[in-house]
Amino acid sequence: MIDQIEASLAFHQRALALREERQKVLASNIANADTPGYKARDLDFSRALQDAMHNVPQSGLALNRTSARHLMGQGAVGALDNRHLLYRVPDQPSLDGNTVDMDRERSAFADNSVRYQAALTILDQRLQGLRQAMQPER
């Protein structure tokens, strides 16, 4: 039973983590809108979520052990590798090589924010339902 609850909540946890990562990428694009040569990027959210749900490692980092007594390590949790970060194709490239389209970035940023808040609301409602189910009847 606990495994089912954990699996149910794991989807929301991973989706929220990926939404957070996408927000960072979009914020970086907006912050570098005036940087010559900056290439705008975005996260392939659906593929990243699919990989996360199928337990495909999110990080391309591999930690080496220099001694047999060292503990086994893993790459940074939540770190994205370049499989999911894609470059945007600009509609109208600028002369300085910057590919950030501020209208597109602001729209994607706002959309991702709304989806993040919706995911938080859904998760909160599920947790409230679980809490109510665990309360003794009066």
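As a test question: what accessible area, to the nearest 10 Å², does residue 38 have when a 1.4 Å probe is rolled over all protein chains in place?
50
Given a 1.4 Å probe and heavy atoms of the protein chains only, how would you sort 3, 34, largest accessible area at the top? Each step should come with its number before you reach the end.
Working: 3 115, 34 140 Å².
Ranked list, largest accessible area first: 34, 3.
Treat the range 98-137 as a sphere of radius equal to its Kirkwood radius over Cα pairs and apply Stokes-Einstein at 20 °C in a medium of 1.002 mPa s; give the translational diffusion coefficient in µm²/s, rounded to a whole number.
171
Compute, for residue 89, the solvent-accessible surface of its heavy atoms (probe 1.4 Å) with the complete set of protein chains present, and express it in square angstrom to the nearest 10.
Number for this one is 110 Å².
Please turn the phi angles of the range 115-132 into ³J(HN,Hα) values with the Karplus equation 6.51 cos²θ - 1.76 cosθ + 1.60 (θ = phi - 60°), one per residue in order, whole Hz, x for glycine and proline.
Taking θ as phi minus 60°, the curve returns 5, 5, 5, 5, 5, 5, 5, 4, 4, 4, 5, 5, 5, 5, x, 5, 4, 5 Hz for the range 115-132.
Can you give me the Kirkwood hydrodynamic radius for the range 1-57, using every pair of distinct Cα atoms, in Å to one decimal?
13.0
Take the Cα pairs of the chain, get the Kirkwood Rh, then feed it into Stokes-Einstein at 10 °C and 1.306 mPa s and tell me D in µm²/s.
On the way: Rh = 17.7 Å.
Estimated diffusion coefficient is 90 µm²/s.
I need to check one value: relative contact order of the chain, counting alpha carbon pairs closer than 8 Å and at least 6 residues apart, in percent.
32
Of 84, 54, which has the most accessible area and how do the rest follow, probe 1.4 Å?
Working: 84 0, 54 130 Å².
Accessible-area ranking of 84, 54, largest first: 54, 84.
The values are calculated or read from the model by the stated rules, or taken from the named source; none is laboratory data. A quick note: this is a predicted structure, and the numbers were derived from the prediction, not measured. In case anyone asks, the SASA skips ligands and DNA or RNA and just uses the protein heavy atoms, side chains included. Shrake-Rupley method; radii C 1.70, N 1.55, O 1.52, S 1.80 Å.
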